[in-house]
Amino acid sequence: MDQTVRAEHYYVYLACCANGTLYVGSTRNVEQRIAVHNAGRGGRYTRSNRPLSLVAAWPFNSKAEALRAERALKRLSPSHKLALAESISPLEEEEV
């Protein structure tokens, strides 16, 4: 039996809402979280601004690191968030 321990990552993601605003969140599974938002079961803000499209996602080794990064990203202006997203390519689908 294979007992290889697979490190779980936490992700901070940047999504664009239907009204053009940017939404920042954190999760262990970005693809699933975006689907939850788009199904209307995500955060209150995203329920009324669907659909969301993923702009970028960044991996972190711990939940604490991800939450610190999420908090810092939320403090940035929309233009700075987009600049950061453009400077770092989004995760490939198989990585999310």
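What follows draws every value from the coordinates through simple rules; no lab data is involved. Remember, predicted model here, so these are calculated numbers, not experimental data. Ideal geometry is used to build each Cβ from the backbone, glycine not excepted, and the neighbour counts take in all protein chains shown.
Some observations on this one:
- In the range 11-66, the residue that is farthest from Ser77 (Cα to Cα) out of those that are polar (S, T, N, Q), surrounded by 13 or more Cβ atoms within 10 Å (Cβ to Cβ) and without any contact (Cβ under 8 Å) to a residue 24 or more places away in the chain is Asn38.
- Among all residues of the range 58-72, there is none that is of a type outside the set (Val, Ile, Thr) and touching a Leu at 6+ places or on another chain (Cβ under 6 Å).
- Count of the range 45-61 residues which are farther than 13 Å from Leu82 by Cα and either of a type outside the set (D, E, K, R) or under 11 Å from the mean Cα position of the chain (by Cα) (or both): 11
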